[in-house]
Structures are given as structure tokens and as C-alpha cells.
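Remarks on the structure that follows.
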């Protein structure tokens, strides 16, 4: 029978102005960005960035909670492929992300609706 590995997953809530420093720490630890996503909950954005340790199978998720008007820095300086996640957060939810290394300016998807995952009237 194979060994079952079930490590703890860690969720760390950080302030928006700490995103670049904290992501740099994840990169320096050799962690891989495995996903980034957005949700709109209680009139705020919840941005989640999950990092995987490929040796221990541990996950660390950074959670940033911001107002709709708050601008947040892109993490593509450290993880260039995050441009897809960030363009998706921008286009589907309206998250204000600055300095994405490849910014599709809300044209990543061929959709007619503006910010379709954001509740109407928000």
C-alpha cells in the first residue's frame, strides 16, 4: 500500500501593500505558484495566491482582502506566468491590478459582458 501524504495547508492573510514582499519570500523559498483567483465577498475582493512546495506537498495560500477601488501590484515580476491569472481577475471581476507584464486590457476572453463574475449593480 502506498504512503498517504496529507500535509497541512496554510492560509495567511496579508495587507495589499505586503503582496510583493511576501510573494518574493515564497519565490526565495523555491515555492511554485500553483493558482491565483479572485472572489467578491461582502463588498470586498478576496484574492488568493497559492504556492506549492513540490518536495513536501505543502500549500501556502496568501489571501489579500481589498476594497473595489484599491489598486494592487501584479506579481508577474516574480512569477511571469501569473499574467494569465491576473488578466482573468481583472476581466472577470474588475480587480484593479497594476503593472501586469502582459496586460490584455480586458480582452483575454471573447466575452461581451463586462466583469461577468461581479454582481450586477456593484
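Just a few scattered comments:
Matching residues to (1) exposed (fewer than 14 other Cβ atoms within 10 Å of the Cβ); (2) under 24 Å from residue 43 (Cα atoms):
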site	(1), (2)
74	no, yes
109	yes, no
113	yes, yes
121	yes, yes
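- The listed residue being on the phi < 0 side of the Ramachandran plot and part of a strand (DSSP E or B), out of 45, 85: 45
- Sole exception among (1) under 20 Å from residue 11 (Cβ atoms); (2) within 10 Å of the chain's Cα centre (by Cα) for residue 58, by number: (2)
- Scan of the range 76-103 for residues that are under 20 Å from residue 27 (Cα atoms), out of contact with any strand residue (DSSP E or B) (no Cβ under 7 Å at 6 or more places or on another chain) and in contact (Cβ under 8 Å) with a residue 40 or more places away in the chain, ordered by number: 77, 78, 81
- There is no residue in the range 64-74 that is touching a residue at least 12 places away in the same chain (Cβ under 8 Å) and at positive phi.
- Conditions (1) surrounded by fewer than 16 Cβ atoms within 10 Å (Cβ to Cβ); (2) without any contact (Cβ under 8 Å) to a residue 60 or more places away in the chain; number of the one not met by residue 33: (1)
Each value in this text was obtained by applying a stated rule to the coordinates, not by laboratory testing. Quantities reported herein were computed from a predicted structural model and do not represent experimental measurements. Ideal geometry is used to build each Cβ from the backbone, glycine not excepted, and the neighbour counts take in all protein chains shown.
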